[in-house]
Amino acid sequence: MLELQTIRENRAFVIERLAVKNVEATAVVDEIIALDQERRNRQKELDDVLARSNQLAKEIGQYFKSGQRDKAEEAKKETTELKVKSKMLAEDLDQVVEQLNSRLVELPNLPHASVPSGKSAEDNEKVHEEGVIPTLAENAIPHWELADKYQIIDFNLGSKVTGAGFPFYRGKGARLQRALINFFLDEALDAGYLEYQPPLLINEDSGFGTGQLPDKEGQMYYAGEDKLYLIPTAEVPITNIYRNVLLSESDFPIKNVAYSNCFRREAGSYGKDVRGLNRLHQFDKVEIVQIQHPDRSYETLEQMKEHVAGLLRKLELPFRILRLCGGDMSFTSALTFDFEVYSAAQKRWLEVSSVSNFESYQSNRMKLRFKDELGKTRLAHTLNGSALALPRIVAALLENNQTEAGIRIPKALQRYTGFELID
RNA sequence: GGAGAGAUGGCAGAGCGGUCGAAUGCGGCGGUCUUGAAAACCGUUGACCUUCACGGGUCCGGGGGUUCGAAUCCCUCUCUCUCCGCCA
């Protein structure tokens with residue numbers, strides 16, 4: 001969430017920036033500022049009462065020690081009144097704080113100055129494009145048909161056993177999955193990331209920490225019996241490692257990578273966009289996460305972007321990079337770049353990675369802080385990116401590399417798959 | 001799942017219901033010494049809210065309670081450890 005101080009000191013700026021995300025925040029911002037003032041007033045009142053109580057308690061102790069029973073009893077009377085009063089004040093304060101927090105949590109992160117305004121994906125800004133878009137033969141087919149033809153992914157079987165969006169990968173299809181995961185992890189390790197294997201279920205605090213809760217509750221699978229959520233991305237457990245942690249400046253940069261299954265309910269999506277591997281309820285992803293000093297987080301974002309671009313180059317996939325517009329950005333992000341690969345049989349661009357800087361938005365929720373060189377406690381910046389999400393990579397690989405003889409595996413991947421062709 | 005023990009500052013580890021935000025050690029920071037470093041010695045070193053400041057308040061796993069007063073007593077939740085059971 002946004003820092004209270006930012007809102008208090010830059011009211012107009014906050015409102016203006018949120019407008020880029022198409023949020024008309026004037027009313028909420030003003031309410032927050034008023035509640036904040038209210039909170040401080042109540043806090044002062046309560047503190048005064050407590051100060052008096054503390055003082056009396058000490059005096060009473062002294063009276064008992066020196067045997068002045070009567071004086072002690074006298075002081076007790078006042079202290080009893082104060083107790084009632086402080087209880088009431090504390091309840092008031094709690095209520096104000098709760099209101100304040102619930103308002104505060106409603107505000108999305110402020111978009112970075114470079115974020116273009118816009119309503120939807122249409123308005124995203126293309127910042128880069130590279131690679132050759134392949135021209136396929138007349139009889140080229142989409143990946144779901146290839147999957148069937150070569151018996152490497154079985155969607156129907158998944159539907160039978162679980163439901164739509166939970167495919168089985170089999171044979172070389174399963175091997176390809178495993179190869180991609182290892183390839184992505186090795187590349188991240190080479191780039192200096194530390195590998196983690198995280199839990200796939202998270203508690204409510206973690207969901208709140210990275211911003212999935214409360215607003216995106218319906219997007220996660222929920223194991224109600226144990227109050228645990230299935231992770232929509234490894235970002236959640238990996239970033240939450242640092243919840244309530246106080247780092248020192250020398251810890252930066254923290255670079256973590258994790259492979260995990262990801263679970264998304266994708267409630268409300270249907271139609272042709274969800275065909276085959278385009279949108280699944282369970283999929284595989286390698287995620288990179290960095291925790292960085294606020295002064296260096298944008299350099300880090302560039303570096304992460306370059307890492308992802310490198311992966312796509314090695315996979316020989318044509319891709320483009322988009323700077324997301326305000327309307328298409330996530331709630332928690334300050335700046336996001338999406339990577340899309342061209343899937344030649346579907347003749348469309350598929351999002352395969354999203355690299356974001358959250359600045360202090362997640363840190364503030366998580367109380368992820370560090371001590372700077374002056375010994376001052378400050379919020380760290382968090383960043384993450386997919387490197388990469390598998391299904392659409394597989395879709396593009398299958399479609400773009402289909403030949404008469406079978407599906408050609410890119411060079412860089414062959415030592416991981418152990419085969420050059422799916423046939 | 002059953003029985004028991006525990007949770008204290010960056011870490012380790014003390015702590016009779018009042019003067020404990022908390023001994024001590026380690027680590028960190030500053031200094032003396034040294035060409036430099038180490039060692040030794042001296043000093044310093046928690047977070048948060050509030051205040052221009054002085055100051056005030058909160059925090060000893062989370063929540064609730066007893067008491068004039070709780071790190072210390074009670075309840076509850078979570079987690080950790082030991083033993084038993086079950087099990088990849």
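Here's the picture: a label point sits 7 Å out from the Cα of A:LYS126 along the beta-carbon direction, and within region A:305-334 the residues with their amide nitrogen under 17 Å of it are A:317-325. Here the Kirkwood formula, the inverse mean of 1/r across different C-alpha pairs, assigns region A:4-104 a hydrodynamic radius of 16.3 Å. Computed in the context of the full set of protein chains, the accessible area of region A:99-196 at 1.4 Å probe radius has 49% of its extent on carbon or sulfur. Just so you know, the Rg over Rh for region A:76-148 is 1.51, from Cα atoms, with Rh as the Kirkwood radius. Placing a label point 7 Å from the Cα of A:VAL97 along the Cα-to-Cβ line, the residues of region A:30-54 whose backbone N sits under 17 Å from it are A:35-51. Put simply, when A:239-250, A:99-110, A:281-292 are sorted by average Cβ atoms within 10 angstrom per residue, most first, you get A:281-292, A:99-110, A:239-250. Within the same chain, lysines fewer than 8 places from A:LYS76 are excluded, and of the rest, those with a Cα less than 28 Å from its Cα are A:LYS44, A:LYS58, A:LYS65, A:LYS85, A:LYS87.
Shown here: region A:264-322, whose C-alpha atoms stretch 43, 28, 20 Å along the first, second and third principal axes, sorted largest to smallest. Packing order of peptides A:331-340, A:206-215, highest average first: A:331-340, A:206-215 (average count of other Cβ atoms within 10 Å over each peptide's residues). Once both labels are positioned 7 Å from their Cα atoms along Cα-to-Cβ, the gap between A:GLU3 and A:ALA191 label points is 2.8 nm.
Mean residue ellipticity at 222 nm, helices only, chain A: -13500 deg cm²/dmol; runs of at least 4 DSSP H residues each add -39,500 (n - 2.57), and the sum is divided by the number of residues. Rounded to two decimals, the Cα radius of gyration of region A:194-233 over 2.2 N^0.38 Å is 1.15. Projecting the Cα atoms of A:ILE393, A:GLY327, A:VAL289 onto the charge dipole of chain A (Cβ charges, centred on the Cα centre) puts A:VAL289 farthest toward the positive pole. With the simple model of a label 7 Å out from the Cα in the direction of the Cβ, A:TYR221 to A:ARG52 spans 5.8 nm. Hydrodynamic analysis of chain A uses the Kirkwood radius over alpha carbon pairs. Inserted into Stokes-Einstein at 20 °C and 1.002 mPa s, it gives a translational diffusion coefficient of 88 µm²/s. Exceedance of the 25 Å cut-off in Cα-Cα distance is limited, within the set A:LYS285/A:LYS367; A:LYS149/A:LYS411; A:LYS172/A:LYS255; A:LYS160/A:LYS347; A:LYS255/A:LYS314; A:LYS255/A:LYS305, to A:LYS285/A:LYS367; A:LYS172/A:LYS255; A:LYS160/A:LYS347. A convex hull fitted around the alpha carbon atoms of region A:302-387 yields 107 Å³ per residue. Can you give me the C-alpha center-to-center distance between region A:289-358 and region A:204-222, rounded to a whole angstrom? So the separation of the two Cα centres works out to 23 Å.
Reducing region A:399-413 and region A:66-116 to their Cα centroids gives an inter-centroid distance of 65 Å. Fully extending the segment from A:LYS119 to A:VAL84, taken as 0.36 nm per residue of separation minus the present Cα-Cα distance, adds 7.3 nm.
The values are calculated or read from the model by the stated rules, or taken from the named source; none is laboratory data. This is a predicted model, so every value here is computed, not measured. Quick reminder, even Gly has a Cβ in these numbers, built from the backbone with ideal geometry, and neighbours come from all protein chains shown. For the accessible areas, the whole protein counts, side chains as well, though only heavy atoms, and no ligand, DNA or RNA atoms are used. Shrake-Rupley method; radii C 1.70, N 1.55, O 1.52, S 1.80 Å.
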